[in-house]
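Chemist: The structure under discussion is supplied below as structure tokens; questions concerning it will follow.
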Amino acid sequence: MINMELSPISASLGAMGSLPRKLDELLATKHRALQGILMDEIHQLTAHLCILYNFMLKLSDAPHDPPMAARYWMKDVRELSYDMEDFADQFIYTHGRPNKTPKNKTISRVKIHRLPKRCKWRPGITDKISEFRSRAYEAIQRYWRYKFDDCASNPEHSRIGHGRPTILPDPDDLVGIEGPSNELERWLINGEEQLKVVSIVGVAGIGKTTLALKLWGKLHGQFQCGAFVRTAQKPDMRGILRNILLQVRPNQPPNHGEMHHLINDLREYLEDKRYFVIIDELCATSVWDVVNRAFPQSDCCSRIITTTEIMEVALACSGFCPEHIFRMEPLGGNDSEKLLQQRILVSGNQRPQQFNDVMPQIMRSCGGLPLAIIIVARILASLPKKQEQWGSAQNSFDSIFGANITMEGGFMGQILKICFISLPHYLKTCLLYLSTYPEGYLFLKDDLVKQWVAEGFICANKGGDMEEVARSYFDELVSMGLIQLMDINNDYGLLFYSVHQLVLDLITCKSIEQNFITVVDYLQITIPLVDKVRRLSLHFGSATYATTPASTGLSQVRSLFFFGLFNCMPSFTVFKLLRVLTLHFWDDTGTKTLNLTGICELFRLVYLQVTCNVTVKLPDKIAAMEHLETMEINARVLDIPPDIVTLSSLLHLGLRGANLPSGIGCIRSLRTLMYFDIGNSSEDNLWGLGKLTNLRDLHLTYSSSLSSEHLKRNLIALASLLGKLCNLKSLTMAAVTAGTAGTVVLFDGSSGMSAPIFLERLELLPPICIFSRLPKCIGQLRKICIMKVAVRELPMSDIAILTGLPSLTVLWLSVQMAPDGRIVFNDRAFPVLKYFKFRCGVLCMSFMAGAMPNLCRLKLGFNAHIGEKYDNILAGIEHLFTLQYIAAQIGATTDSDWWAARSAINDAIDKHPRCPRSSFQWVDPIEEECRPSEKHYWSQEKVSLGFDINVLLREARSRWLKPSEVYYILLNHEQLQITHEPPNRPPSGSLFLYNSRVNRFFRKDGHAWRRKRDGRTVREAHERLKVGNVHTLSCYYAHGEQNLCFQRRCFRMLEPAYDHIVLVQYREVAEGRYNSTLSNSMLSYLSDIHGNHGST
């Protein structure tokens, strides 16, 4: 019997695991041809398959690669299994579907033609079954003839991954990286204004990418824009440049795809920007020569990091300056041992005493390479746990790696081969599947998990979840270092992954050997394909006119992956047996539409994913695709077929830019629903969400221009039905584009919101949804890990709701109204929180001892108010012992206010025992909401002063305005026109109003103003002015460089609700005669600059 607990499809066994079920389905059609002698043939074939399956299982589990003859034999058996499955699928599709002839329809008397049509199938079926039986019998005879049983598996051979615990790498706890990253940080942040390029060079597996990612996490927040890209040995140059442009300019995709257009676009955009770019895995100087043309040599303190294995490339990147090359060294003995013990995973995290015998050889063999240490540790961890079963640790090591393994002769390749052989066949299959991706490609865990399930690689125990099993496989490969974590966003949220070049080389070779995946790039289009192609991956990124290679074996392709340009994409309709179709392409020819109406012919299609920059047209009817489980279109969709709601197997649905048809609640199987527009969807569809009780991931969008009241009604309805989604694990809501949705305040008391108790991720971000108060039901989310919410106000009672959540690791909290007092986080608050982002106009918080014991990253967003005195802005920050990084986005309107707020943060950091690294960014001020009492006070002030604005504007031409007059104009700025761009050299008597949130550089007026000693910063005096007996205004004074009598005064209100409006007045006055409103200190300042300037 074939073991049905194994996966239906695998790289080593082919489709052997699925054949019993396929034969049962074939017999279930009860076709007239399947009778008599043919039934005996099928039973004999089934018996032969059981024998072959056991033979294949023995050879695939062998502790070493079988001999070449055995590998050829295994390949023939796999091809037999695929041919049988394809034949069964086609037969079942043609003859196994129910007869759709209406019962009341009269059948013509002349129907004798149907009998011969059925009879014609009998010889065809008989010949095919006989052929399959003969091939199976001949394979059995060959197995015994060549004595393949002698190289079969050893039952005592231990496999990696069998019940072993999995430890995933922590980006904040990397062994041996802190020292090099600190040194490189000093190289990069040294005050040089010119563009600086630093190269990291080292052998494969030494940790160059890990170091680059660490620096990215440390520094990218200090720059205006940045990009992290990976190259390849056969680089897609247009793809690299397009990727950089999409990251530095995310809101404006490139219009052209030609190289010179991309280079020009990048140069123009980065010309006056302070940018930070990391280019990983550079393999040739020619690649750098092209990419380097896109980076302007500006004086904005921009930085570029490259990583490479080749010293010649490192020299070219660094401008042949050896002092700009960082040579990575292997880990020292202590770090090597520490890393090994982290990954060895023996009971109680303690190694057996016998392990000490082999430690010196492990250290010597691994040579301090982190990747080698991780793999060796994982292999050794597969040895029996009990010490008495270890025997001699030296013998165990020698039996796995050989007694003479050394760093010479491709050491990393040897280690990877040993690791691959030691993998169980299900992990081998999942790992080999990664060869479909282009070199340097970043992918998501969920995408790969769905593809593994669609391919049939996963088998769960009865009642188990195949996707959860697939995720555990994925985590095992990550823990072994075979899949590389790429934490580019540095927020513990969306994680990308990649495959190391050494691993990709190995699995590509193994895939070719087993005819598992055929990869064709734009340089290989003339190579003939000898074998039947089962899975085809086309990498046509840099090809302009590449085409799919001609082959007689393409009709059997069951998986097609395309990465490249739109005009090179093949017609997928010729691949009739496709199970998986993945299309990632970019169009630069002006094509408007991708026509997918032919996908209905792909009767076995299970997984469809399209990512492109053109509009996608789907077929009018899609009900025939009864096996479809995943349909993700990451592009604008024209119309969605209304019968999509009848697809009973559909698990994951994501269609962007189109309204879902009525009856979405009928797809009870749905687990993932993306891009559900709560603004444009019908009310019936909204309530239909409550029927999707299997839903686990719900992503909501809002693209309508309807009123906020309409959105509010929909949100209240949504809140009332969330409790029905008992299996929901992730709920996110975001506007499609900025400015498309009005802000809605969802009141907890009136909405009756109830959250699913298994929720792990909650993201309800403005401008769609802002809670008046934190909903009380959030306190019931004991499994919540990631939460991103916005509230109007945050009293201490609501903070207590959050601090007790036991699983919360990421918290993003935005508060509109300034708190009444200091926000205090008490002992044992947020026990597992690692990432905390807090955004509020006013920042004032305290951390008690024991609060946030695992916090690694703290990001803050707040306003620097004019003249504000900062008193212990982050009290108790020294209690956050694990804190590694603080980032602050400070909204300010003047340099002095921004620097004052930054100094307050730095003062707090200085108190921390570990001195966490920090970064600061000047941003537009955060919008603050006044409390009702404050609004009433300022509205009264508007009518109590009694000035005439028109009169004030006329008088401003000939005199300085008084503080009360300036104050009145600023209070009533709505009556005046805001200036959007500063004029060039405005004359005396000019007066302008600016919104500093829109135009932060209003001071760039073309005049030459007196500067400080550094020669860069304009020298401005600052004074707070009173109206009545209250300080209400802040004024900044500047004087001309050549004509000190020409002055500029910039006025702002101290009230946060108005401090973004700036009044700027220009006057030229006689020397020595200044307005009487100036204080003695200001007169002293003016006398000082006159004295320093000398006589004029």
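Just so you know, all these numbers are worked out from the coordinates, no wet-lab data involved. All of these numbers come straight from a predicted model, not from anything done at the bench. Please note: Cβ atoms are built from the backbone with ideal geometry, for glycine as well, and neighbour counts cover all protein chains shown.
Chemist: Whole angstrom only: what separates the Cα centroid of region 580-630 from the Cα centroid of region 218-295?
Modeler: 30 Å
Chemist: Oh, and also: Among Ser81, Ser918, rank each residue by its count of other Cβ atoms within 10 Å, from fewest to most, as a rough exposure measure. Kindly include the intermediate steps, with their values, before the conclusion.
Modeler: Details: Ser81 25, Ser918 18.
Neighbour counts put them in this order, fewest first: Ser918, Ser81.
Chemist: Sticking with this structure for a sec: Which peptide among 429-440, 616-627, 561-572 comes first, and what is the full order, when sorted by highest mean count of other Cβ atoms within 10 Å? Kindly include the intermediate steps, with their values, before the conclusion.
Modeler: Values: 429-440: 24.0, 616-627: 17.9, 561-572: 19.7.
Ranking, from highest mean packing down: 429-440, 561-572, 616-627.
Chemist: Summing Lys, Arg as +1 and Asp, Glu as -1, what charge do residues with Cβ under 14 Å from the Cβ of Tyr522 carry, Tyr522 excluded?
Modeler: Working: positive: Lys234, Arg238; negative: Asp236, Glu439, Asp521.
That works out to -1.
Chemist: Using square roots of five times the C-alpha gyration tensor eigenvalues, list the equivalent-ellipsoid semi-axes of region 417-469 in whole Å, biggest first.
Modeler: Sorted largest first and rounded, they come to 21, 17, 8 Å.
Chemist: Another one. Please give the net charge around His500, taking every other residue with its beta carbon less than 14 angstrom from that of His500, where Lys and Arg add +1 and Asp and Glu add -1.
Modeler: Here the count lands on -3.
Chemist: Only counting other Cβ atoms within 10 Å, I'd like Phe881, Phe1001, Phe87 sorted with the fewest neighbours first.
Modeler: Phe1001, Phe881, Phe87
Chemist: Follow-up question, since we're still on this one. For Arg656, which sequence-distant residues (separation of 5 or more, or a different chain) have an amide H within less than 5 Å of its own amide H, given hydrogens modelled in the peptide plane?
Modeler: Ile633, Ala635, Val637
Chemist: If you average over every viewing direction, what projected area does the convex hull of the Cα atoms of region 178-327 give, in nm²? Don't skip to the answer; put the middle values down first.
Modeler: Working: hull surface 32.6 nm².
In nm², the orientation-averaged hull projection of region 178-327 is 8.2.
Chemist: Could you sort out which of Lys776/Lys859; Lys869/Lys1012; Lys58/Lys428; Lys724/Lys783; Lys218/Lys1012; Lys462/Lys724 sit more than 20 Å apart by Cα distance in this structure?
Modeler: Numbers: Lys776/Lys859 25 Å; Lys869/Lys1012 24 Å; Lys58/Lys428 15 Å; Lys724/Lys783 17 Å; Lys218/Lys1012 32 Å; Lys462/Lys724 26 Å.
Beyond 20 Å between Cα atoms: Lys776/Lys859; Lys869/Lys1012; Lys218/Lys1012; Lys462/Lys724.
Chemist: Hey, can you rank 674-682, 290-298 by average C-beta count inside 10 Å, highest first? Show your work: numbers first, answer last.
Modeler: Details: 674-682: 19.2, 290-298: 17.2.
My ranking of the peptides, most packed first, is 674-682, 290-298.
Chemist: Still on this structure: Around Ile926, under 10 Å between beta carbons, what's the net of Lys plus Arg minus Asp minus Glu among the other residues?
Modeler: Numbers: positive: Arg839, Arg997; negative: Asp924, Glu927, Glu928.
In short, -1.
Chemist: Oh, and also: Can you pull the percent of Cα pairs in region 630-714 with separation above 22 Å?
Modeler: Value for region 630-714: 18 percent of Cα pairs lie more than 22 Å apart.
Chemist: From the square roots a ≥ b ≥ c of the eigenvalues of the alpha-carbon gyration tensor of region 605-644, which class results: rounded (a/c under 1.5), prolate (a/b over b/c), or oblate? If you can, show how the numbers build up before the last one.
Modeler: Numbers: a/c = 2.93, a/b = 1.33, b/c = 2.20.
It comes out oblate by the Cα gyration axes.
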